[in-house]
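Take a look at the structure set out below.
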Ligand SMILES: Nc1ncnc2c1ncn2[C@@H]1O[C@H](COP(=O)(O)OP(=O)(O)OP(=O)(O)O)[C@@H](O)[C@H]1O
Ligand SMILES: Cc1cn([C@H]2C[C@H](O)[C@@H](COP(=O)(O)O)O2)c(=O)[nH]c1=O
């Protein structure tokens with residue numbers, strides 16, 4: 001498929017993005033498509049090193065400007081070295097978090113100026129936008145409880161509940177602003193329930209996309 005497809009997964013911490021990306025990978029393989037699964041912050045050796053700095057609780061507090069620039073640096077490297085080359089080869093890129101995370105967490109969560117956050121994103125990515133974004137929504141208490149059952153929380157997950165609530169409200173606002181690109185998925189229920197909802201969005205979307213390309 002010329003030009004590839006760029007699909008991102010978004011949502012509050014513990015929404016189930018990493019779980020659902022595996023179902024999506026399997027689905028696209030089943031369609032005979034080459035798939036790259038990646039994540040932000042991360043996806044290249046440098047960006048994974050920045051991820052470790054960002055998520056390490058020992059570095060609390062990090063200044064808001066320093067934080068957004070670290071996310072942006074990781075993203076610039078990831079886009080240039082991994083995402084753009086894969087898309088140019090016609091692959092399907094499935095990315096766990098992307099620009100909407102920065103608007104939700106640094107914009108709404110940290111209350112940085114939203115327009116400035118958008119400009120930083122635009123500069124870091126050279127304007128690359130996802131073709132489709134799946135926003136998996138769960139109440140923040142549900143997501144955080146899922147994570148706390150399994151492991152110690154990282155620096156962002158350890159933020160106060162009100163921070164996570166602002167992030168979730170921010171995501172829902174982004175969905176209202178861009179309902180064509182961003183599709184809202186109810187993340188409650190079993191992983192299989194959530195996958196059925198995602199498949200119900202992705203299958204017709206892919207069909208329309210392929211039809212559009214083939215004329
Ligand atoms: N639908 C679900 N119901 C219950 N538990 C789930 C569900 N989906 C995922 N989980 C579990 O919740 C935890 C978090 O899931 P997962 O890592 O997929 O979420 P995430 O959105 O990627 O989290 P993070 O915000 O840390 O990236 C994992 O232990 C996972 O097994
Ligand atoms: C890309 C991006 C991420 N974050 C936050 C969101 C999460 O709390 C962590 C990433 O950890 P995960 O286990 O992969 O979800 O980082 C952010 O604040 N801003 C961003 O741009």
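The values are calculated or read from the model by the stated rules, or taken from the named source; none is laboratory data. A quick note: this is a predicted structure, and the numbers were derived from the prediction, not measured. For neighbour counting, all protein chains shown are included, and Cβ atoms are generated from backbone atoms with ideal geometry for every residue, glycine included.
Restricted to segment 2-20, and to residues there that are within 15 Å of ligand 2 (Cβ to nearest atom) and farther than 20 Å from residue 175 by Cβ, the residue that is surrounded by the most Cβ atoms within 10 Å (Cβ to Cβ) is 19. Among the criteria (1) touching a residue at least 24 places away in the same chain (Cβ under 8 Å); (2) within 15 Å of ligand 2 (Cβ to nearest atom); (3) touching a helix residue (DSSP H, G or I) at 6+ places or on another chain (Cβ under 7 Å); (4) under 28 Å from residue 141 (Cα atoms), the one residue 23 does not fulfil is (2).
Of the helices (runs of 4 or more DSSP H) lying entirely inside segment 90-161, those containing at least 2 residues that are at pLDDT below 95 span 140-150. Would you say residue 184 is modelled with pLDDT of 95 or more, assigned to a helix (DSSP H, G or I) and farther than 22 Å from residue 77 by Cα? Spelling it out, it is not the case that residue 184 is modelled with pLDDT of 95 or more, assigned to a helix (DSSP H, G or I) and farther than 22 Å from residue 77 by Cα. Can you tell me which residues in segment 109-141 are closer than 24 Å to residue 87 by Cα and free of Cβ contacts under 8 Å to residues at least 12 places away in the same chain? Selection gives 119, 122, 127. Output yes when any residue across segment 160-167 is crowded, with 18+ Cβ neighbours inside 10 Å, closer than 19 Å to residue 71 by Cα and within 12 Å of ligand 1 (Cβ to nearest atom), and no when none is. Yes; the residues of segment 160-167 include at least one that is crowded, with 18+ Cβ neighbours inside 10 Å, closer than 19 Å to residue 71 by Cα and within 12 Å of ligand 1 (Cβ to nearest atom). Taking the stated definitions as given, is residue 92 in contact with a helix residue (DSSP H, G or I) (Cβ under 9 Å, 6 or more places away or on another chain), buried (at least 16 other Cβ atoms within 10 Å of the Cβ) and under 26 Å from residue 25 (Cα atoms)? Criteria met by residue 92. Within segment 26-59, the set of residues being in a loop (DSSP other than H, G, I, E, B), within 13 Å of ligand 2 (Cβ to nearest atom) and at negative phi comprises 40, 41, 56. Residues in segment 187-202 that are free of Cβ contacts under 8 Å to residues at least 40 places away in the same chain and part of a helix (DSSP H, G or I) were compared, and the one that is surrounded by the most Cβ atoms within 10 Å (Cβ to Cβ) is 197.
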